[in-house]
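The values are calculated or read from the model by the stated rules, or taken from the named source; none is laboratory data. Treat the numbers as computed from the prediction; the structure is a model and nothing was measured. In this analysis, Cβ positions are derived from the backbone assuming ideal geometry, glycine residues included, and neighbour counts consider all displayed protein chains. Heavy atoms of the whole protein, side chains included, go into the accessibility calculation; ligands, DNA and RNA do not. Shrake-Rupley method; radii C 1.70, N 1.55, O 1.52, S 1.80 Å.
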Amino acid sequence: MKPKLLFVSITDQANGAENILLQAASASNAGLLFLKKADSGGLSIPDDLQAEYVSTGSVLSGFSGLIKSLSPYRTDHIVFSTHPYLNAYLGFLKRIGYLKSKLIVRECSSVLTRYSGIKKWSYKVAYWFGYPGVNLVVCQTGSMRDTFVEHLPYIDEHKVIIQKNPIDIEQNLIKAKAALPPADAKAEFICAAGRLIPEKGFDILIMAFDEIKAARPNLKLFILGEGPEQGALENLISELKLKDRVILKGWVANPMPYFKQAKACVVSSIKEGFPNVLLQMMILNPVVISTNCAGGIDEIPGIYLAEADNVNSLTTAINTALNTKKHNKDLIMQYVEDRTPEVFIKSILNALV
């Protein structure tokens, strides 16, 4: 009998973790439950998928209302969630007996090494309260699993598995056919995308671009995304006199045409679980540069690797990529072809049994 699945997330903001859940929900024709609706930049949820929202207000009110919203799914379901605080909350509901359905949680990042101080402490408390109730923990890479097991020895390591992030190749290729705005279509640019937060290393990327700008006077840098670091990045762009060369495009509903038409795509992150945008870029562009910001990136064939948080290394990698005449697209596609959403959810459910 086909299992009854429910995918739960904090918001429907179109970030990496939420896109993973949407792909898995679409592949299994399952429902989605969000604590609240994103104020802007929400997921494009297909009409044939059921999406519910616990609250129209704050995330906090979403947490408080989640118990009631979970009532139809308390038994005979498999609940799949992401984000540590939400995972821990659902795990606690399992521990006290309210949620009797099986619970799968996905680690979106190695938060215990990514953060420090009070924030790290709060995650440790959340893990301790909730994760013993979880049936299965999904890590994106081997190094993420090793870190998880090391920091949380009270969790049965047999419940912690590795499952590579999925990517829907066909859908990304279809989206990439859309036209760019006329001004952008005529531009010569390299492209990056993600939330404007320190962990994404966009300041490092802007400084690296400053190093290559003189040799490529027509080249621009487009950064797609929005976030709290926008002001700081704008100040950096102004200080380096790059206002006409580095463009913060804001949130873009469909970044795929940008990835496809760029002279190169860049992931500049300092620390990641695994950057999902990297897979999208690899499908659409043969010239991809990435920092070694997550486990397994140094094993990806065909991309240009740079050290994380290192301006000189990223500058060198970008220059090498742009100067190389022939790129190995076949190797890149071989790497992503076994990452379909169907394989992703089937492998996880098999591990749960």
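Things to note:
- Hull volume per residue, based on the alpha-carbon atoms of region 177-219 and their convex hull, is 91 Å³.
- Each of ARG95, ARG74, ARG195, ARG339 has its accessible area taken with a 1.4 Å probe; listed largest first, they run ARG95, ARG195, ARG74, ARG339.
- For region 21-83, taking Cα atoms only, Rg and Dmax work out to 12.0, 34 Å respectively.
- Choice from LEU236, LEU22, LEU103 with maximal GNM fluctuation in the chain (Cα, 10 Å cutoff): LEU236
- Using alpha carbons only, the radius of gyration of region 50-127 set against its Kirkwood radius gives Rg/Rh = 0.99.
- An ellipsoid equivalent to region 1-144, defined through the eigenvalues of its Cα gyration tensor, has semi-axes of 22, 18, 16 Å when rounded to whole angstrom and sorted largest first.
- Overall form of region 91-144 per C-alpha gyration tensor (a/c, 1.5; a/b vs b/c): oblate
- With the helix formula -39500 (n - 2.57) applied to DSSP H stretches of n ≥ 4, the chain reaches a computed 222 nm mean residue ellipticity of -12000 deg cm²/dmol.
- Heavy-atom surface of region 261-324, accessible at 1.4 Å and reported per residue (Å²): 32
- Each listed q (0.11, 0.16, 0.20 Å⁻¹) maps to a log10 I(q)/I(0) for region 109-239, found by the Debye formula over equal Cα scatterers with no solvent: -0.66, -1.01, -1.17.
- In degrees, nearest ten, helix 230-239 long axis to first principal axis of the chain (Cα): 20
- Fraction of accessible area attributable to carbon and sulfur, region 174-237 (%, probe 1.4 Å): 52
- Using distinct alpha-carbon pairs, which all enter the 1/r mean, Kirkwood radius of region 130-170 in Å: 11.1
- Cross-link partners for LYS326 among the aspartates and glutamates, with Cα-Cα distance under 19 Å and sequence neighbours closer than 8 places in the same chain left out: GLU188.
- Efficiency of FRET between LYS329 and ASN29 - r from beta-carbon atoms, R0 35 angstrom, step 0.05: 0.60
- Cα pair distances in region 246-290, grouped into 10 Å bins until the bin that holds the longest one, percent each: 26, 56, 18
- Computed with every protein chain present, the accessible area of TYR127 is close to 10 Å² [probe 1.4 Å].
- Accessible-area value, MET333, 1.4 Å probe, nucleic acids and ligands omitted, Å²: 50
- Here region 1-71 has 52 percent of its accessible surface on carbon and sulfur atoms, given a 1.4 Å probe and all protein chains in place.
- In the full protein context, region 51-131 carries 47 Å² of accessible surface per residue, based on a 1.4 Å probe and ignoring ligands, DNA and RNA.
- Hydrodynamic radius by Kirkwood, which averages 1/r over all alpha carbon pairs of region 228-322, in angstrom: 14.3
- Largest first, the three principal axis extents of the alpha carbons in the chain are 64, 43, 40 Å in whole numbers.
- Where labels lie 7 Å past Cα in the beta-carbon direction, separation of ASP298 and ILE197 in nm: 2.5
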